[in-house]
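Here's the structure, in structure tokens; my notes come after.
The values are calculated or read from the model by the stated rules, or taken from the named source; none is laboratory data. The structure displayed is predicted, hence computed values, not measured ones. In this analysis, Cβ positions are derived from the backbone assuming ideal geometry, glycine residues included, and neighbour counts consider all displayed protein chains. The area values use the complete protein model at the heavy-atom level, side chains included, leaving out ligands, DNA and RNA. Shrake-Rupley method; radii C 1.70, N 1.55, O 1.52, S 1.80 Å.
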Number of protein chains: 6
Amino acid sequence: MLLHLSTWAEIESFLARSKTVVIPIGSNEQHGPTGLLGTDWLCPEIIAHEAQKDGDILVGPTFNIGMAQHHLDFPGTIALRPSTFMLAIGDWCRSLAHAGFTKLYFLNGHGGNVATIEAAFSELYAEASYAGRDRGFACKLKNWWDLAGVTALANQQFPVGHGSHATPSEIAVTQWAYPDSIKSANYAPQIAPTGPIREAHDFRARYADGRMGSDPGLATPEKGGELVKLAARSLLEDVAAFGAETR
Amino acid sequence: MLLHLSTWAEIESFLARSKTVVIPIGSNEQHGPTGLLGTDWLCPEIIAHEAQKDGDILVGPTFNIGMAQHHLDFPGTIALRPSTFMLAIGDWCRSLAHAGFTKLYFLNGHGGNVATIEAAFSELYAEASYAGRDRGFACKLKNWWDLAGVTALANQQFPVGHGSHATPSEIAVTQWAYPDSIKSANYAPQIAPTGPIREAHDFRARYADGRMGSDPGLATPEKGGELVKLAARSLLEDVAAFGAETR
Amino acid sequence: MLLHLSTWAEIESFLARSKTVVIPIGSNEQHGPTGLLGTDWLCPEIIAHEAQKDGDILVGPTFNIGMAQHHLDFPGTIALRPSTFMLAIGDWCRSLAHAGFTKLYFLNGHGGNVATIEAAFSELYAEASYAGRDRGFACKLKNWWDLAGVTALANQQFPVGHGSHATPSEIAVTQWAYPDSIKSANYAPQIAPTGPIREAHDFRARYADGRMGSDPGLATPEKGGELVKLAARSLLEDVAAFGAETR
Amino acid sequence: MLLHLSTWAEIESFLARSKTVVIPIGSNEQHGPTGLLGTDWLCPEIIAHEAQKDGDILVGPTFNIGMAQHHLDFPGTIALRPSTFMLAIGDWCRSLAHAGFTKLYFLNGHGGNVATIEAAFSELYAEASYAGRDRGFACKLKNWWDLAGVTALANQQFPVGHGSHATPSEIAVTQWAYPDSIKSANYAPQIAPTGPIREAHDFRARYADGRMGSDPGLATPEKGGELVKLAARSLLEDVAAFGAETR
Amino acid sequence: MLLHLSTWAEIESFLARSKTVVIPIGSNEQHGPTGLLGTDWLCPEIIAHEAQKDGDILVGPTFNIGMAQHHLDFPGTIALRPSTFMLAIGDWCRSLAHAGFTKLYFLNGHGGNVATIEAAFSELYAEASYAGRDRGFACKLKNWWDLAGVTALANQQFPVGHGSHATPSEIAVTQWAYPDSIKSANYAPQIAPTGPIREAHDFRARYADGRMGSDPGLATPEKGGELVKLAARSLLEDVAAFGAETR
Amino acid sequence: MLLHLSTWAEIESFLARSKTVVIPIGSNEQHGPTGLLGTDWLCPEIIAHEAQKDGDILVGPTFNIGMAQHHLDFPGTIALRPSTFMLAIGDWCRSLAHAGFTKLYFLNGHGGNVATIEAAFSELYAEASYAGRDRGFACKLKNWWDLAGVTALANQQFPVGHGSHATPSEIAVTQWAYPDSIKSANYAPQIAPTGPIREAHDFRARYADGRMGSDPGLATPEKGGELVKLAARSLLEDVAAFGAETR
Ligand code: NI
Ligand code: NI
Ligand code: NI
Ligand code: NI
Ligand code: NI
Ligand code: NI
């Protein structure tokens, strides 16, 4: 069930049977010579939308801009400062909690988001902690590649050249969902370098075409489809477990 | 051309021929008994995506959450505080300007966003004004119903019962684009009341089913299609004029 | 009744008969070659002070600095960033509401303030909306030229050359109130150009002497007096209507 | 010379002969049973406006709301949080400095403002310090009672019962300037208690009618006039010294 | 009793007999050619740690970074902006108050901290004042040199050359506590100049070696020991008085 | 070399031979029935102070308060909200970078700090990224237990009952350094439960005595000494590697 294609009355009904909502969250940022700028928010959106076809979960609108300051020297990247990102996550969560949701599940598509999202959750919990009251809701962050079985499958699909940015697995997922937008390019070296992540100037100097440790040419729509199917199935289980959780 | 389905290199190429980017912006909020929660961000997205099929414009990812605090007592609404909204708009604009865009065109789908978006633009301009320098980019806000001819067509389509929230015109647009998500409901009175907009409690007390002055049952997918076609054509003209603008 | 010339005990008594307070709000910014820097806060102050002589309304101190970033390249302008302006409006409102006022009426003298003041009101309402409680007070913004009959009179007085900044009507109001500070200057063209408002550099490049679309030389103290009398009368009616408003 | 009754061109001319501007700053807060709510902003305004009649100084608009949280339980008080106050002072200073002023002189009327104003100055200096550059302007805070000779005169006028809030000296100043607004009231004890300043509840519990250590009934318009004349003269000297100051 | 060398259960027990906690607070900043960078946080820490050996007070961890923007052009200085400093003080206070402490005593070692700490206290009180409730705790700021008898002793020890920054008294205190870190240097003039404090560039231009009005060479560990003993004794009395205070 | 026991001139000299500074960072929070409240800031301080005896590194003052909102229901805990924590880290880094340090190494003692510290680094980098310039310094976060060999040693020392909060390894480190503050207590179960971390109420309900998964009674000062020696040695190597790093 997609929240944005529902009426408020339908959400009211859903709340009578579940207090859990899934928010795909990612980033709009360069993904190397062939990856789509939307890769990191498209992947969790694709997986969550697929999952809700097979299970009674509610998927909210996609939070499509994240912590991508290091990619800003590549055009098309849109980034929120961590402080802005935290405020926005806070307002999303307060809104959903106000409606009665008590389990806020963020399915994440961007490794660079993790620290800031966790900090945002702590900021929300801190409000309640200083006030000496229950928060009333719990937040959970899950990277889609950490869903049960997914990284194992990706490792099997891409034993070498997976890397950590513009990976063949994430590109495969978008290829499966957007076959008309499959891109190709010449790039070298075959497998990109790795290293630390700092400001945008430093990043572009280290990673000339934007890739980190990856060979995105290994991606195929078929492999993407396998990943999506597995991830969607694991997502349903993980969401169910989170929804069932009591203190 | 859709930014999120492009690579950074494709955006670099686009920048060689245009410095204008279009951002659909709206809100995810209750839209009465039959309107989709996503209506206000779906409408500008639908129109902009349609327009880019016929003209060489670049459409960015949709800014899907806005200033909707007054709708919070209806579940499914997600709102940003104005202060958060302004910070987020600021970061989007700074990111796009950093890439070289000089004309940032926001196609808006939510009346309640207008004041805050204008304030956000002023906040951005103020940075340059205090520093005594050129800003380097210009922002423009356009509501989709203010595109040339659109309100005239809507008035003709819906001579009575258009209203100001959960209007038949916006619902028609989403019906055209999402025919599988057309909803129906009994509601009364036929035309909803009007009045001021304040906090969420006050809003729900005044507008029991969420509509303001409208009779959304007048919407049809066909009328939506007419609105989209006209709006998309006008958008291309308006974007071209903005892009051509010099001081 | 002027709040700042009253004691707290007198305000306590006033609150027993009315919960409405009027705050003149404006901006301190360049007003062309002959306009006073204080024009935009003086006008609502003049009108409100005049009105309280004839009716039992309470007029608070004048909020004299506003959203004037675009005028900063003309000396004497003092501007608040929108974010600062919103915080300050918030603190004024919280203070007045804490005292028991439930209707906060802002009589505005600067078009550039409108978006930010509306955003500030939404920020205040949002506090209550997220918390799921009544706000306890309502805010209203009224530009003095939107008071009943005022723009009609101005159009009649100044059929051409009224413009939108450093207008003959606002200058006439200050001439009536401060006859010792009437200024004259040579300027050309007779009627200033119009266009968009962006950062200060852009503004000064477009509007060399600060005027927008106006010929302020048309102002006379007599016309100002007529405007003040009418506006004061309309203000009393508008304040009464706001004070009488229930949900 | 009053900034708000000048044109921008007149300020441009003034800047050719002086880079100093005087800003009266105070608070709008309860001043005991007989004191005006505006006392703390009216006093520096009265003195500065008086001084500019006799010397070529520029006096800006009055900053009329300050750090008065402790008075909030008395109606009519309007307070800025310290953090808001600092941001607003910052924007005033940046605006004036942008115009070319290098000496920003704040004539203060409220003891409760001192810490926050000093913190605001440090915040402004810090911007330059972190950036490793000159600030380009200097800020000075002067309480009107600290102008040369003023406290000595007040001590002579009011050897007992001066106190620290709602003092006979400040009330005398407003009586001289606003003779039509002289108030009287019965109060006891003759001289109010003293003690610490904390939150508003605590304040009202300690100081039932709002006074601290004072007997405001000692005030007369004549004594107020003496104070104003002396303070205005001293202000001219102090502003001249500040303006002449080089590193 | 040192908080950081206690368990939470021991603090729980302490709270059963006292609600007062002492926080040493200072700054890490240049202290002239011979003074330690930590001087301003070491002094209150030394005194408070000494005092808790002789009396049943609870001393928290040291707040070791403060408002030192003006010293930033001397390496080793670490400064918080006033706005950051206020937020951090706020969080410390809220944490301690949440645990049940009602008297928060800050023993300060840096004159430059005073305004910002007072502003921070007002910010905390303001939260309660706007909300119309008791704050539930009281804050007190005491500079260690203002403890009973301390400045008198310092004046007797250093009748000339005490000055206001990198003073022989504060350096003596650190010499007594850290005899292995006593430094010597040639400097001239014997007594440093005095003047205003503005941004870091201005500060370093005025005070070439960092001293203000002082001759730190007068310091000896013995004099430091005398100061510590007296200050520690006075601290116990002052804390007891604060703890005993009721409205 | 300890920064706070140095003069600014000594730091200037140090900068001529190294641009790296080490900041111990932790948290002041409950550590179960026997752990010191200061454990998480004492551990990195102990290790860094030990290391600087054997190698030419510069150790700054300890950042002793961190992200500990979840522990607030245990008295003695002092927590910064993530947003405050980020601002403070930002000011520390800007101060040190202003002095010329280009490698800022944070030795962390609290797992709960990690996300927020990483977000703070990103916030700092983002300033440069939006501005299109080099940041000029690099930040590194290292948990002391992640120093080479340390976790392996701890696993060997405490094959069962190590857990994740109030661990025997961290308690052993403080026992070695503060032998006079070794605490004992009865607690049950022997090994504490594990689970998620949310707001303070939830935390205390889950973890009655504050421990998570640990049996702190396994700690001994001797084991602590072994950990400190190894960690100090590894720290010197890690700092050297970071200092030597070029793009
Ligand atoms: Ni990715
Ligand atoms: Ni709508
Ligand atoms: Ni105007
Ligand atoms: Ni006063
Ligand atoms: Ni000092
Ligand atoms: Ni720990």
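Couple of notes before you dig in:
- Complex-versus-alone comparison for region A:165-191, residues with a loss of 40 Å² or more in accessible area, probe 1.4 Å: A:183
- Pairing chains A and F buries close to 3000 square angstrom of accessible surface in total, based on protein heavy atoms and a 1.4 angstrom probe.
- Lysine-lysine proximity count for region D:3-244, Cα under 18 Å, sequence distance 8 or more or distinct chains: 8
- Projecting 7 Å from Cα along the Cα-to-Cβ direction, the label point of residue B:151 sits 1.2, 5.5, 6.2, 6.2, 6.7 nm from its equivalents in the other copies, listed shortest first.
- With Cα atoms defining each centre, region B:28-46 and region E:33-95 are spaced 53 Å apart in the structure.
- FRET efficiency for residue D:184 and residue D:53, using Cβ-Cβ distance with R0 set to 41 Å, rounded to 0.05: 0.85
- Carbon/sulfur fraction of accessible area - the protein assembly as shown, other protein chains in place, 1.4 Å, %: 52
- Rough spin-label spacing in nm, given labels placed 7 Å along Cα→Cβ, for residue C:156 and residue F:164: 7.6
- Ranked by the mean number of other Cβ atoms within 10 Å of their residues, highest first, the peptides C:16-27, E:147-158 fall in the order C:16-27, E:147-158.
- Debye log10 I(q)/I(0) for region C:3-244, one point scatterer per Cα, at q = 0.08, 0.10, 0.12 Å⁻¹: -0.31, -0.48, -0.68
- Less than 5 angstrom separates the built amide H of residue B:138 from those of B:103, B:104, all sequence-distant by 5 or more or on a different chain.
- Total formal charge among the other residues, if their Cβ is under 11 angstrom from that of residue D:96, Lys/Arg +1 and Asp/Glu -1: +2
- Shape of the protein assembly as shown, Cα gyration tensor, a/c cut at 1.5: oblate
- Calculated FRET efficiency for the pair residue E:127/residue D:208, C-beta based, R₀ 25 Å, to 0.05: 0.60
- Summed side-chain charge close to residue F:53 - residues other than residue F:53 whose Cβ falls under 12 Å, Lys, Arg +1, Asp, Glu -1: -1
- Over all projection directions, the Cα-based convex hull of region D:41-130 averages an area of 6.6 nm².
- Put simply, the amide H of residue B:35, placed in the peptide plane, has no neighbours under 5 Å, leaving out anything fewer than 5 places away on its chain.
- Helix-only CD estimate at 222 nm, as mean residue ellipticity for chain D, using -39500 (n - 2.57) per DSSP H run (n ≥ 4): -14500 deg cm²/dmol
- Neighbour net charge for residue B:217 - beta-carbon separation under 14 angstrom, K R +1, D E -1: 0
- Residue by residue, region C:118-130 carries 3J(HN,Hα) couplings of 4, 4, 5, 4, 4, 4, 5, 4, 4, 3, 6, 5, 5 Hz when phi is fed to the Karplus relation 6.51 cos²θ - 1.76 cosθ + 1.60 (θ = phi - 60°); x denotes Gly or Pro.
- Of all beta bridges that DSSP places with both ends in chain A, some 15 percent have antiparallel geometry.
- Nearest residue to the symmetry axis between A and E, taken on chain A by its Cβ, in whole Å: A:131, 7
- Amide H to amide H distances under 5 Å link residue D:23 with D:60, D:105, D:106, D:107, where only residues 5 or more positions off or on other chains count and H is placed in the peptide plane.
- The HN-Hα couplings worked out from phi for region D:19-30 by the Karplus form 6.51 cos²θ - 1.76 cosθ + 1.60 (θ = phi - 60°) are 10, 10, 10, 10, 10, x, 9, x, 7, 10, 7, 3 Hz, whole numbers, x standing for Gly and Pro.
- For residue A:222, label point 7 Å along C-beta direction: distances to other copies, nm: 4.7, 6.3, 9.2, 9.2, 10.7
- Here the contact order of region F:3-244, divided by its residue count and restricted to Cα pairs under 8 Å and six or more residues apart, works out to 25 percent.
- Label-to-label distances for residue D:194 across copies, nearest first, come out at 2.5, 6.2, 6.2, 6.3, 7.0 nm, using points 7 Å from Cα in the beta-carbon direction.
- Distance (nanometres) between label positions extended 7 Å along Cα→Cβ at residue F:237 and residue E:17: 4.9
- Heavy-atom accessible area, 1.4 Å probe, ligands and nucleic acids excluded: residues of region D:83-98 down by at least 50 Å² from chain alone: D:87, D:91, D:92, D:95, D:98
- Accessible area per residue in Å² at 1.4 Å probe, computed on chain D: 31
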